[in-house]
Amino acid sequence: MGGEAEKWVLMVTARTPTNIAVIKYWGKRDETLILPINDSISVTLDPSHLCTTTTVSVSPSFDQDRMWLNGKEISLQGGRFQSCLREIRARAQDVEDKKKGIKINKEDWQKLNLHIASYNNFPTAAGLASSAAGLACLVFSLAKLMNLKEDNSQLSAIARQGSGSACRSLYGGFVKWFMGKEENGSDSLAVQLADEKHWDELVIIIAVVSARQKETSSTSGMRDTVETSPLIEHRAKEVVPKRITEMEGAIQNRDFATFARLACTDSNQFHAVCLDTYPPIFYMNDTSHRIISCVEKWNRAEETPQVAYTFDAGPNAVMIARNRKTAALLLQRLLYNFPPQSDTDLDSYIIGDKSILQDAGIKDMKDVEALTAPPEVKDKIPTQKSKGDVSYFICTRPGGGPVVLSDETHALLDPLTGLPK
Ligand code: DP6
């Protein structure tokens, strides 16, 4: 180690996306290594709308590893954080910053302490895969700081030990997590199936149904499912392997009809095994079910599916529209069925890529109020319109993988003290 009076702070800031599974991961065969009972496939979401930014820093003046999440200090003592830190430190290389006159030998990383600050641009634990982006970003940024030689796929096997779904956030576009066969988990890692440009027509609309903390964590939920559900084995052994092959083909061929059928049925089956768990786990609520009905009715009325939906361990709906035109039609239907509360303005009700709102011809609340029932529900009993069931909608699209942010203005830690800015 070198540098002036050992006062230096070296840091790296990175940004990592969230992902939404279209063939779900649910159930582990090894709890510590986080090895799943089936392969899964996800779509990476555009980090401009949903991402984690993390700054990692090292300095001889730090007396312990510390971490801050969204400005609040959190404990790094958990086994999962410790696994990730241990795995990364074990692979650390020599690092030299000639400008700052810093030289760190690879052995030094075992003794040096780290400061980590992480920030999500969306609510933590609202069922929006914040742990996935968070753990992936932690691993990715530390790998850059410590100059690891491993590629993103090898890094994904480290991120996996922080949170299973995190391993799929090491890539953009469409990603497959191989469950692997090895007992040590070395082949349980993520690969990119196609980048985000491969199928760039897709538009994603997320209905944030509840921003409350979720009730049953994925970790304990899937443990209970594996222990009590007789259906989960059938799902993992018989259903998912076929769906994985079909889904890979659908993505390769940009076959939206197959993609939508698989994504919807797989989400439904995941929630079915939750219901088959004893005691049962309910992640979706009444609003979630009404969103499914709205999409199903419309898809059925069209010749071919227009929108896919999928739900993780919470009530939020992630809808994937085949193109911008369908996304605009979807937004009209969603706003008709789930209008904002009178005190909410449209600008904060539809966030992310607001241009979809323009495509839908909606400029203000008057336009929302003027929306009429879509043709597929005409002549039927009007559906109950309830304001406030959806907190807000996020319009986004498939996006790219992790990136280093070299511009120091993005850093979350002070470059002199290594403490949160
Ligand atoms: C429903 O990755 O959060 O989102 O591995 O225990 O941290 P742990 O669980 P987590 O589970 C995600 C489950 C899911 C489906 C998915 O993302 O594939």
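Points to keep in mind about this one:
- For the stretch 134-167, the tally of residues that are open to solvent by less than 10 Å² (accessible area, probe 1.4 Å) and either within 16 Å of residue 33 (Cβ to Cβ) or within 11 Å of the ligand (Cβ to nearest atom) (or both) stands at 11.
- Lone unmet requirement of (1) open to solvent by less than 50 Å² (accessible area, probe 1.4 Å); (2) in contact with a Lys or Arg (Cβ under 9 Å, 6 or more places away or on another chain); (3) outside any loop (DSSP other than H, G, I, E, B) for residue 318: (2)
- Yes/no for residue 85 being outside any helix (DSSP H, G or I), open to solvent by less than 50 Å² (accessible area, probe 1.4 Å), over 21 Å from residue 218 (Cβ atoms) and more than 16 Å from the ligand (Cβ to nearest atom): no
- Check on residue 168, closer than 20 Å to residue 51 by Cβ, charged (D, E, K, R), assigned to a helix (DSSP H, G or I) and touching a Ser or Thr at 6+ places or on another chain (Cβ under 9 Å): yes
- Scanning the stretch 343-369 for residues that are part of a helix (DSSP H, G or I) and open to solvent by less than 20 Å² (accessible area, probe 1.4 Å) yields a total of 5.
- Of all residues making up the stretch 48-72, the number that are part of a loop (DSSP other than H, G, I, E, B) and open to solvent by 10 Å² or more (accessible area, probe 1.4 Å): 10
- The residue that is farthest from residue 121 (Cα to Cα), among those in the stretch 15-29 that are open to solvent by 10 Å² or more (accessible area, probe 1.4 Å) and more than 8 Å from the ligand (Cβ to nearest atom), is 29.
- Failed item in (1) in a helix (DSSP H, G or I); (2) in contact with a Pro (Cβ under 6 Å, 6 or more places away or on another chain), with residue 153 passing the rest: (2)
- Count of the stretch 284-306 residues, restricted to those that are closer than 16 Å to residue 263 by Cβ and within 21 Å of the chain's Cα centre (by Cα), is 4.
- Flag for residue 75 being among the polar types (S, T, N, Q), away from the ligand (no atom under 16 Å from the Cβ) and over 28 Å from residue 395 (Cα atoms): yes
- Single residue of the stretch 30-58 satisfying the filter (among the hydroxyl-bearing types (Ser, Thr, Tyr) and in contact with a strand residue (DSSP E or B) (Cβ under 7 Å, 6 or more places away or on another chain)) that is nearest to the ligand (Cβ to nearest atom): 40
- Residues of the stretch 389-414 satisfying the condition of being part of a loop (DSSP other than H, G, I, E, B), surrounded by 14 or more Cβ atoms within 10 Å (Cβ to Cβ) and modelled with pLDDT of 95 or more: 397, 399, 400, 401, 402, 405, 411, 412, 414
Every residue, every condition in (1) at pLDDT 95 or above; (2) within 16 Å of the ligand (Cβ to nearest atom), yes or no:
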{"residue": "216", "(1), (2)": "no, yes"}
{"residue": "224", "(1), (2)": "yes, yes"}
{"residue": "236", "(1), (2)": "yes, yes"}
{"residue": "243", "(1), (2)": "yes, yes"}
{"residue": "253", "(1), (2)": "yes, no"}
{"residue": "266", "(1), (2)": "yes, yes"}
{"residue": "275", "(1), (2)": "yes, yes"}
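- At least 3 residues being of a type in the set (Phe, Trp, Tyr) is the threshold, and among the helices (runs of 4 or more DSSP H) wholly inside the stretch 171-283 those reaching it are 256-275.
- Some residue of the stretch 283-303 being modelled with pLDDT under 95, within 16 Å of the ligand (Cβ to nearest atom), over 28 Å from residue 254 (Cα atoms) and not aromatic (Phe, Trp, Tyr): yes
- Remark: residue 187 falls outside the filter, which requires a residue to be surrounded by fewer than 24 Cβ atoms within 10 Å (Cβ to Cβ), among the charged types (D, E, K, R) and within 24 Å of residue 110 (Cβ to Cβ).
- Index of the failed condition, residue 340 passing every other in (1) buried (at least 21 other Cβ atoms within 10 Å of the Cβ); (2) part of a loop (DSSP other than H, G, I, E, B): (1)
- Residue match in the stretch 322-329 (condition: in contact with a Ser or Thr (Cβ under 6 Å, 6 or more places away or on another chain) and open to solvent by 20 Å² or more (accessible area, probe 1.4 Å)): no
The values are calculated or read from the model by the stated rules, or taken from the named source; none is laboratory data. All values reported here derive from a predicted model rather than from experimental measurement. Glycine also receives a Cβ, built like all others from the backbone with ideal geometry; neighbour counts cover every protein chain displayed. What goes into the accessible areas is simple: the full protein's heavy atoms, side chains included, and nothing from ligands, DNA or RNA. Shrake-Rupley method; radii C 1.70, N 1.55, O 1.52, S 1.80 Å.
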